[in-house]
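Q: Here it is: the structure, laid out below.
None of the figures in this text is laboratory data; all of them are computed from the coordinates on show. A quick note: this is a predicted structure, and the numbers were derived from the prediction, not measured. Virtual Cβ from ideal backbone geometry, glycine too; neighbours counted across all protein chains shown.
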Amino acid sequence: MSARRYYVENPEKIMMEYDPQGDILYIDFAGSEQEADEEILSEDGDIAFRIREGRILSIMVMNFSRKAGFYPS
């Protein structure tokens, strides 16, 4: 299986928002209100990538505090 490549169209227009109640970090790459044609989950299911035509629209990191090392696992 060959590796697929994805890209961020406008990295300078990145928007981040943290939801402390859900412990989720949202990373949006300018206008991700667009419909994704693909969604990919990390192996542990904690990171979701929304993709359209090879372009990363947004990334959602669940359990962010633990992943960032703020709290022990």
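Q: Name the long-range amide H neighbours of GLU38: under 5 Å, sequence gap of 5 or more, or other chain; modelled H, no Pro or chain starts.
A: Correct list: ILE51.
Q: For ILE56, which sequence-distant residues (separation of 5 or more, or a different chain) have an amide H within less than 5 Å of its own amide H, given hydrogens modelled in the peptide plane?
A: Amide H to amide H, under 5 Å and 5 or more residues apart or across chains, ILE56 pairs with TYR7, VAL8, GLU9.
Q: For the range 38-53, what does the Karplus curve 6.51 cos²θ - 1.76 cosθ + 1.60, with θ = phi - 60°, yield as ³J(HN,Hα) per residue in whole Hz, taken in order and with x for Gly and Pro?
A: 7, 10, 10, 9, 5, 4, 7, x, 8, 10, 10, 10, 9, 10, 9, 6
Q: While we're here: With each run of n ≥ 4 DSSP H residues scored as -39500 (n - 2.57), what mean residue ellipticity at 222 nm is computed for the chain after dividing by its residue count and rounding to the nearest 500 deg cm²/dmol?
A: Estimated from H runs of four or more residues: -1000 deg cm²/dmol.
Q: Still on this model: Scanning the chain for trypsin sites (Lys or Arg not before Pro) in DSSP loops with at most 11 other Cβ atoms within 10 Å, what's the longest stretch left with none?
A: In the chain, the maximal stretch lacking such sites is 6-73.
Q: So, one more: Report the full-extension gain for the segment ALA3 to ALA48: residue separation times 0.36 nm, less the Cα-Cα distance, to one decimal in nm.
A: Extra length from ALA3 to ALA48 when fully extended: 14.4 nm.
Q: Hey, rough spin-label estimate for PHE70 and ASP19, points 7 angstrom out along Cα→Cβ, what's it come to in nanometres?
A: In this crude label model, PHE70 to ASP19 measures out at 1.5 nm.
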